[in-house]
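Here the structure is laid out as C-alpha cells; the discussion comes afterwards.
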Amino acid sequence: MTENRLQPPLRVVLTDLNTTVVEAWRAAFADTPGIEIRTGSILDTQVDAWVSPTNSRGRMDGGVDAVIKRHLGAGIQLRVQRAIKARAEGRLPVGSAVCVPSGAVNPRFLISAPTMEGSAQNVSETLNVALACAAAFQAVHRQNAQEPGSIRSVALVGMGAQTGRVPARVCANLMWTGHTLFHDHCFEDDDDLRRTITAQLDDIESAPETTRVRIAPPARRTARR
C-alpha cells in the first residue's frame, strides 16, 4: 500500500433516483469537496466513467447493472465478463473492480464493482458497500496509471441500497469511507485493500448510525467522525 500525495483532480457525481439515498449523501458528504449530488438516473450524467454495482460473475441481470446493459448494449456484459475471466481467480471478489471500455462516447469506461457474490443478495449487515466503493475508486487510479488523465470524472449510484437492501444512511457513510481512500492511498493489491478496510471497520456495527470512519494506514489511528 502506498500513500497517494499527488492526486489528479477527480469530479465525483453521486446520483440516484431514491431521494432517501440522496439526502443521506448530503449528510455524509457535507464537508467533502469535489462532490456533486443529484437526484436522477446515472444515464443522464456526462462523465468519463460510470460505476455499476455488480456481482462476482459480472452478470448484469438486475438493478443498475441491467439498466446500464440495456443502455450500452449486450456487448458491455461480454467485456466485463472477459475482464473478470482474465483475472487469476476467474471471478471478481467483493473488494475488487474491473474497468472496461464502454463502447460509447459517454461514458468512455464502465467500472464494475461487486457489492455481492451472487445476484439479489441482502448485504445490509456486511462491509460490502465500503469494499466495493473503495475498489471502484482504486480502479480509477489504475486506469489513470495506464492512460494518464483518461478518467477525470466518475458517477456512482447508491451502492447496495437497492438490491442489497443496505439502509440509506449506512450506504452513504460506507461510500464516504470508500471515497476517502481514493485521496489517501493507492492499493496495488486487492487483498491489501480488503484487509485494511475489514480490520478498521470491524466494530462499525456497534457505532451510531451517523458514524463515519476514515481508513488510516496501519501506523495511524482510525479517525471516527
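Read-outs throughout are calculated quantities, based only on the coordinates presented, and are distinct from any laboratory measurement. Fair warning: this is a prediction, and the values are worked out from it, not measured in the lab. Because the Cβ atoms are built from the backbone with ideal geometry, glycine has one as well, and the counts that use them run over all protein chains shown.
Can you give the calculated 222 nm mean residue ellipticity of the chain, where each DSSP H run of n ≥ 4 adds -39,500 (n - 2.57) and the sum is split over every residue, rounded to the nearest 500 deg cm²/dmol? Walk me through the numbers on the way to the answer.
On the way: 6 runs with 78 residues, N = 225.
Helix-only estimate at 222 nm: -11000 deg cm²/dmol.
Over the chain, what relative contact order in percent results from Cα pairs under 8 Å that are six or more residues apart?
Values: 440 pairs, mean separation 56.8, N = 225.
Once normalised by length, the contact order is 25 percent.
State which helices in the chain qualify, where a helix is a whole DSSP H run, it must extend 20 Å or more along its own axis by its Cα atoms, and its mean Kyte-Doolittle hydropathy must be at least -0.5.
Span-like helices here: 128-146, 168-184.
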Report task. For the range 15-108, compute Rh as the Kirkwood radius over C-alpha pairs and then the Stokes-Einstein diffusion coefficient at 4 °C and 1.567 mPa s; write the answer in µm²/s, rounded to an integer. Result -> 88 µm²/s
**Report entry** Peptides 184-192, 12-20 ordered by average Cβ neighbours within 10 Å, highest first
**Finding:** 12-20, 184-192
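Most exposed first by the Cβ proxy, i.e. fewest other Cβ within 10 Å, how do VAL94, VAL22 rank?
Details: VAL94 23, VAL22 19.
The most exposed by this proxy come first: VAL22, VAL94.
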Query - Among 148-155, 167-174, 57-64, the order from most to least packed when residues are scored by Cβ within 10 Å on average - result: 167-174, 57-64, 148-155
Query raised in the report: Among 71-82, 123-134, how do they line up from the highest to the lowest mean number of other beta-carbon atoms within 10 Å?
Result: 123-134, 71-82
Report task. Principal axes first, then extents: for the Cα atoms of the chain, list largest minus smallest coordinate on each axis, whole Å, largest first. Result -> 44, 36, 31
